[in-house]
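All remarks here apply to the structure that follows.
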Amino acid sequence: MKQVLVLVNPEYEVNLGMVSRVMKNFGITELRIVEPYCGVGEDAIMYSKHAREILEGATIYGSLREAVDDCDAAVGFTGILKRNKGTIRAAVPLKKFLEKADGYGKLGLVFGREGIGLNVKEIGECDYLVHVETNKEYPVLNLSHAVAVVLYALGTRRVKRTKEKRLSGKEKEVLIDMFKSLVGRYNFRNPERCEVAFRRVIGRANPTEKEGRSLLNVLRVALEELEGRKHEEDGAP
């Protein structure tokens, strides 16, 4: 399983450098940054130590969705659980997530801003929302410390092998887009919430290619039937 680190709006050069250093400690080489609030200056380079190539090779993206587009699943991390009550579901403990991590070809590990973390929209774009089990009196970790804990945990988990080929990240997006088209044919009160729920279900299920094709066929037939009804109502020949 390949892992890429995604930082959303990082605010401090020191953390950029320290995250790069931690990544090299655990053999992770790909850093993606979404609209950084700080640049790669002297402080970032100094704190990256011998991981300067990871820091300077980071790719900048204009949105989180763009940054995780080629990932099989996007995993958001949070330390402020009360702030996520408006989302579809609660964060799961890191220990529990490790039981579900296998079977993905590429995971996007998403960490938010040092001050407020990930916002509700960004959480909605993640397939999983995970928190590190810390002291409840002071649950929020420093960014680089959180990255270190997560990478260590993922690196030491017991891997379960599977022969079934899973849907890629791009194939899942095709499935989600088709679901959005179907939802758009009805007057749902909150279609965005329906999309987030479906995205989360697909992310957790991590369907095989065979299962994905079956779901696509069902959605395709439903859309074609609705289109046929529309033509009849419009009096089309």
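The values are calculated or read from the model by the stated rules, or taken from the named source; none is laboratory data. These figures come from a predicted structure and were not determined experimentally. Don't worry about glycine lacking a Cβ; one is built from the backbone with ideal geometry, like all the others, and counts go over all protein chains shown.
Figure legend. Inter-residue proximity from segment 102-124: first residues farther than 22 Å from SER144 by Cα, second residues assigned to a helix (DSSP H, G or I), beta-carbon distance below 6 Å, spacing 6+ or different chains. Indicated pairs: GLY124/VAL196. Within the bounds of segment 62-81, is there any residue that is basic (Lys, Arg) and either closer than 26 Å to MET1 by Cα or touching a helix residue (DSSP H, G or I) at 6+ places or on another chain (Cβ under 8 Å) (or both)? Checking segment 62-81: at least one residue is basic (Lys, Arg) and either closer than 26 Å to MET1 by Cα or touching a helix residue (DSSP H, G or I) at 6+ places or on another chain (Cβ under 8 Å) (or both). Exactly one residue out of VAL147, VAL130 is hydrophobic (A, V, I, L, M, F, W, C), surrounded by 14 or more Cβ atoms within 10 Å (Cβ to Cβ) and either assigned to a helix (DSSP H, G or I) or free of Cβ contacts under 8 Å to residues at least 12 places away in the same chain (or both), and it is VAL147. One residue stands out among those in segment 154-167 that are of a type outside the set (Lys, Arg) and modelled with pLDDT under 80: the one that is surrounded by the fewest Cβ atoms within 10 Å (Cβ to Cβ), which is VAL159. Which helices (runs of 4 or more DSSP H) sit wholly inside segment 1-119 and have at least 3 residues that are over 30 Å from PRO207 (Cβ atoms)? Because the criterion is at least 3 residues that are over 30 Å from PRO207 (Cβ atoms), the helices (runs of 4 or more DSSP H) in segment 1-119 that meet it are 13-25, 42-48, 52-56.
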